[in-house]
Amino acid sequence: MTIRADDRLLDGAPMRPLCCLRCGAGVEVRKASWEQTSVQWSAQALGACLERQAARAADGGAGGLFEGCTALRESIVRAALEGAIPVPED
Amino acid sequence: MGLAAGRADPAWHAGITRVLKGWVNVTAVEASTTGVRSIEAEAVPTRFARGWHCLGLSGRFKDGKPHTVNAFGQKLVVFQSGDGGLNVLDAYCRHMGADLSRGTIKGDELACPFHDWRWGGDGRCKKIPYARRVPLRARTAAWTTMEQDGLLFVWNDPEGNPPQPEVAIPRIEGAGRDDWTDWVWQEIVVETNCREVMDNVVDMAHFFYVHYSFPTYFKNIFEGHVATQIMKGLSRPDARPPGKGPRMLGNTSVASYHGPSFMIDDLTYHYDDMDLKSVLINAHYPIDGNSFMLHSGIIVQHSDKLPGESAEAMAHKLGEFILKGFDQDVEIWKHKTRIDNPLLCEEDGPVYQLRRWYEQFYVDVADVRPEMVERFEFELDTTRPVEAWKQEVEANLARRAAAAGRQA
Ligand code: FES
Ligand SMILES: [Fe+2]
């Protein structure tokens, strides 16, 4: 199977770089609406995320589910409000 | 936010209506005048996914007889040796090709029905009753097996490597415990390639149209060999049978595929008078490129409202309910075509990113690229009124900025 690109990233908004206001992790973000958010992490960004480190430490490295970083979530909302991450309006 | 409270909240309701509208009144998007969208599909892969695959309840294989399992494009035999362990071998005897799954278990070995050659769980021929010596090269393919939580797993790896500890299937906490029910387990053969079942991980909208549920929160997380779907949904009043008894308001589901085929779903049903906790297994193994065996299993936690026997009854009821859900999928799969280039709207889930993740199991370990395993998140949250959400975040950020200012 060949890996194919998601057309929505070509026809609509692309993923855009964003840094977490708390830990500085550089990720890529896209919003299709106020309700929808996509985040692409790199191994490096994940290593930098403080909440992620704390979650790993808390579960003794068991590799349990990390649902997401609240600081990054807020950074994204901030970027969306400021227009750095465009949000298509209906 | 409580489910019941959410219904009365006008802002919440507006958010929901917007999403619902998106799903119900899909306005026709004009096809471009220049061309018709074509459906593209490569042939199904010729290899089978690397990873642990569940063959079902292990007890089923412990009746003193060998069992035939058609998997990975081959015929396999499962048998229990004298030490109690379950073994999986290629079913065809290396002597003259007879089917070992039609043979007999004799002590630690499986005896071929044709000339009684004795095969061990390690794949080696241990004895030929009528021969002085076992010939060289008397070794057949043996699969690594694992028994856990009442289930039998087999490791498939086209490269022939042993399983890495990082991809171990996690333990299921409620399995085998007194305060949980036994497994209610079901298996059905589905005549299509198993990629179809994987697409369910991301296909938000089909839960509404095919399964009559109503997701209000949806998140996918792909990272390493794990693909997760978190879904909070409401029962659709238009799809709920009328009548007395506790009203099901909705459910919360946190479901992860650990590798290419085994999903553990922590599934809580919310009723107007209680929460019901269950674990649902959704697993499959490929029979060949064009069919797979689909398994579903469920256990339910006992509670004050649901002591022993009623919990068992509930597990059966839910088992049937889940099977009905599979039937709804199967009906679609049976008639649909394979499509490598699905045409997605912005309200669809991350189908391409899921398939990028899934691809890691179909290439050699050395060819797994970072993009296949790096963390990706997709979230749709309609449960929080957007305005309130913005204000909350602004307030938090302001608080943090003030705190940072004090420190400086
Ligand atoms: S074919 Fe199996 S013993 Fe001869
Ligand atoms: Fe489905």
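Observations
- For the range B:184-381, a simple Cβ point-charge model (Lys and Arg +1, Asp and Glu -1, everything else neutral) yields a dipole of about 440 debye relative to the Cα centre.
- Ellipsoid semi-axes for the range B:184-381, based on the Cα gyration tensor and the rule √(5λ), read 30, 18, 17 Å when sorted largest first.
- Each peptide among B:359-371, B:278-290, B:132-144 gets the average number of other Cβ atoms lying within 10 Å of its residues, and from highest to lowest they stand as B:278-290, B:359-371, B:132-144.
- Among A:G64, A:T37, A:M15 the positive-end extreme of the charge dipole of the range A:13-81 (Cβ point charges): A:M15
- Counting, for every residue in B:368-374, the Cβ atoms of other protein chains within 10 Å of its Cβ and taking the mean gives 2.
- B:K106 paired with B:D83, simple spin-label distance in nm, labels 7 Å along Cα-to-beta-carbon: 2.1 nm
- Nearest 10 degrees, 0 to 90: helix B:386-407 Cα axis against chain B principal axis: 90 degrees
- Share of pairwise Cα-Cα distances greater than 16 Å in the range B:251-307 is 53 percent (whole percent).
- Largest to smallest principal axis extent of the C-alpha atoms in chain A, angstrom: 43, 40, 20
- Degrees, to the nearest 10: B:308-335 long Cα axis against longest axis of chain B: 90 degrees
- Only the Cβ atoms of Lys and Arg (+1) and of Asp and Glu (-1) were treated as charged; on that basis the dipole of the protein assembly as shown about its Cα centre amounts to roughly 1060 debye.
- Look at the stretch B:343-352: the mean tally of other chain Cβ atoms within 10 Å of its residues' Cβ atoms is 4.
- Per residue, chain B reaches -7000 deg cm²/dmol at 222 nm when only DSSP H runs of four or more residues are counted, each adding -39500 (n - 2.57).
- Working value for the range B:169-210: equivalent-ellipsoid semi-axes of 28, 15, 12 Å, each the square root of 5 times a Cα gyration tensor eigenvalue, largest first.
- 18 Å reach of a label modelled at B:K334, 7 Å along Cα-to-Cβ, counting backbone N of the range B:186-230: B:187-194, B:196-197, B:210-211
- Counting Cβ atoms of other protein chains within 10 Å of each Cβ in A:65-78 and taking the mean gives 4.
- Kirkwood Rh (inverse of mean 1/r, distinct Cα pairs), the range B:139-237, angstrom: 17.3 Å
- Values of log10 I(q)/I(0), in the order q = 0.15 Å⁻¹, for the range B:52-167 under a Debye, Cα-only, solvent-free model: -0.62
- Dipole-positive endmost among B:T216, B:W52, B:V197 within the protein assembly as shown (Cβ charges, Cα centre): B:W52
- Rounded to the nearest 10 degrees, the inclination of helix B:10-24 to the longest alpha-carbon principal axis of chain B is 50 degrees.
- Cα-centre dipole for chain B with unit charges at Cβ (Lys and Arg positive, Asp and Glu negative), debye to 20: 880 debye
- More than 13 Å apart - percent of Cα-Cα pairs taken over the range B:114-154: 61 percent
- Note on the protein assembly as shown: Kirkwood hydrodynamic radius from all Cα pairs is 25.2 Å, rounded to one decimal.
- Rg to Rh quotient for chain B, alpha carbon positions, Kirkwood Rh: 1.04
- Relative packing of A:11-18, B:331-338, which averages over residues the other C-beta atoms within 10 Å, highest first: A:11-18, B:331-338
None of the figures in this text is laboratory data; all of them are computed from the coordinates on show. None of the values given here were measured: they were computed from a predicted structure. Ideal geometry is used to build each Cβ from the backbone, glycine not excepted, and the neighbour counts take in all protein chains shown.
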